[in-house]
Amino acid sequence: MYIDYYGKKWFKGNLHTHTTESDGALSPEETVERYRYAGYDFLAITDHFMPGIYESISETMENPEFLVLSGVEYGTNCENRNNDNKHSRLIHINGIGFTAPPEYSPDFSAQEIVDAIHQKDGIAIFDHPVWSRNLPEDVLTAEGYDGLEIYNSAASAAADSSVVVDMLAYHGLLIPVVAADDTHFFTGEEFGGFIMVQADSLNRNDILHAIREKRFFASRGPWVQARIEGNFIHVECTPVCNIKLYSNMCGVMSVTTGQKLTGAKFDMTKIWWMPAGAYYFRVEVIDKDGKSAWTNPAPFENQEEEES
């Protein structure tokens, strides 16, 4: 746990992890200990569920020192618009924090999976879209996702899904973003992505409530917060070399570079694209080691403080 300058508590966690209950290398008990030792506060064990092959669904285990959230990774095929199997794509969805195992069938649509997770009071995360070769339209086949993985360290060269986040925002969906490591074999992917959650305490209800309220940010290392005050976007962060401002307009909208930057102030009245139709923003910071942190996409009309 970290307490910030304003006295708010922040908890570090990973929402995508595999064990020997599916195709991971370590047992659930060993996996939990690895994350505890690495300084995490909570973990969701999300083993694959494939009827007849893998059928383990983890349960929540509350502990004041370390929280294990229930979890599972479900899969379904995208709608094949061309009726051509070689062009079919897979959608992976993590269910996290549910109170009982969600109903599931391999024949479920993405919407049916999301609905089943929500019916058991869990949250639904769209996994590694670039690795899965998902198009924005694949995400848009369902409503109600609680987040999408902007970064998945196990996906290697396909780890970064920022382009999907921006394309979805262009279509009007400002989806919260999650970084995760999708640990399987502990061969370097572990601890490569996480979220920091601002919650009152370390228990299932508070952590899930904070995620639903978007009081979190995604990271590979740095700390970042962004908010709108009047005509300015204020960014606060741990020391980084780049602070990038994105929107629905072309490319990166504004960049601040330097050594050990701990923040930036963007004047929206002096950025050429503001009058041209920009309606949302998100921020990415990159440290000296090339590790990023990302805020959630936020609408410009929201003048309240954004801490994610």
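Annotations for the structure displayed:
- Screening the range 200-267 for strands (runs of 3 or more DSSP E) wholly inside it with 3 or more residues that are surrounded by 16 or more Cβ atoms within 10 Å (Cβ to Cβ) and among the aliphatic types (A, V, I, L, M) returns the ranges 224-229, 232-246, 252-267.
- Residues within the range 25-40 that are surrounded by fewer than 22 Cβ atoms within 10 Å (Cβ to Cβ) and touching a residue at least 60 places away in the same chain (Cβ under 8 Å), tallied: 5
- The set of residues in the range 125-145 being touching a Phe, Trp or Tyr at 6+ places or on another chain (Cβ under 9 Å) and farther than 21 Å from His184 by Cβ consists of Pro136, Asp138, Val139, Ala142, Tyr145.
- Within the set Ile228, Ile150, Ile175, Ile207, the sole residue that is farther than 23 Å from Thr76 by Cα, of a type in the set (A, V, I, L, M, F, W, C) and outside the structural domain of Thr257 (by TED's automatic domain parsing) turns out to be Ile207.
- Test: residue in the range 77-88 that is surrounded by 14 or more Cβ atoms within 10 Å (Cβ to Cβ), of a type in the set (S, T, N, Q) and modelled with pLDDT under 95: yes
- Any hit, the range 193-206, residues being acidic (Asp, Glu), modelled with pLDDT of 95 or more and farther than 25 Å from Glu21 by Cα: yes
- Of all residues making up the range 113-172, the number that are farther than 18 Å from Phe217 by Cα and assigned to a loop (DSSP other than H, G, I, E, B): 17
The values are calculated or read from the model by the stated rules, or taken from the named source; none is laboratory data. Keep in mind it's a predicted model, so treat the numbers as computed, not measured. Glycine gets a Cβ as well: all are built from the backbone with ideal geometry, and neighbour counts include every protein chain shown.
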